[in-house]
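Report on the structure given below.
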Amino acid sequence: MGAELKSNLGELLKKRGWDQKKLVEITGLNPRTISELVNDKTIRINKNALEKIADALNIEDISEIIQFTKTDD
């Protein structure tokens, strides 16, 4: 059995009517960092980046941004 992390950032931005550029401006994060999270292409997730994103989106539960699921492989 394996595990997988999935980013919900793209969906969160859509719900708020935000684009990646707005999140970059608010958080001060590198556009590539935001893009990789939105497109679920991140290899490593930076704790500081997640904290800035959660703060910008007023999120208290990190599972709204990142979901951990078990896989059958």
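Structure summary
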| read-out | value |
| --- | --- |
| Hey, ILE53 hydrophobic (A, V, I, L, M, F, W, C), assigned to a helix (DSSP H, G or I), in contact (Cβ under 8 Å) with a residue 40 or more places away in the chain and open to solvent by less than 90 Å² (accessible area, probe 1.4 Å) or not | yes |
| Residue in the stretch 19-31 that is touching a Gly at 6+ places or on another chain (Cβ under 9 Å) and either at negative phi or part of a helix (DSSP H, G or I) (or both) present | yes |
| Filter pass, LYS6 being open to solvent by 60 Å² or more (accessible area, probe 1.4 Å), at negative phi, assigned to a strand (DSSP E or B) and not β-branched (Val, Ile, Thr) | yes |
| From the options SER63, SER35, residue that is open to solvent by 50 Å² or more (accessible area, probe 1.4 Å), assigned to a helix (DSSP H, G or I) and among the polar types (S, T, N, Q) | SER63 |
| Where ASN58 falls short, out of the listed (1) surrounded by 11 or more Cβ atoms within 10 Å (Cβ to Cβ); (2) at positive phi | (1) |
| So GLY17, is it at pLDDT below 95, more than 9 Å from the chain's Cα centre (by Cα) and surrounded by fewer than 14 Cβ atoms within 10 Å (Cβ to Cβ) | no |
| Single condition ARG44 does not satisfy, out of (1) in a helix (DSSP H, G or I); (2) closer than 25 Å to GLY2 by Cβ; (3) open to solvent by 60 Å² or more (accessible area, probe 1.4 Å) | (1) |
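The values are calculated or read from the model by the stated rules, or taken from the named source; none is laboratory data. None of the values given here were measured: they were computed from a predicted structure. Heads up, the Cβs are rebuilt from the backbone with ideal geometry, glycines too, and the neighbour counts pull from every protein chain shown. All accessible areas refer to the heavy atoms of the entire protein, side chains included, with ligands and DNA or RNA removed. Shrake-Rupley method; radii C 1.70, N 1.55, O 1.52, S 1.80 Å.
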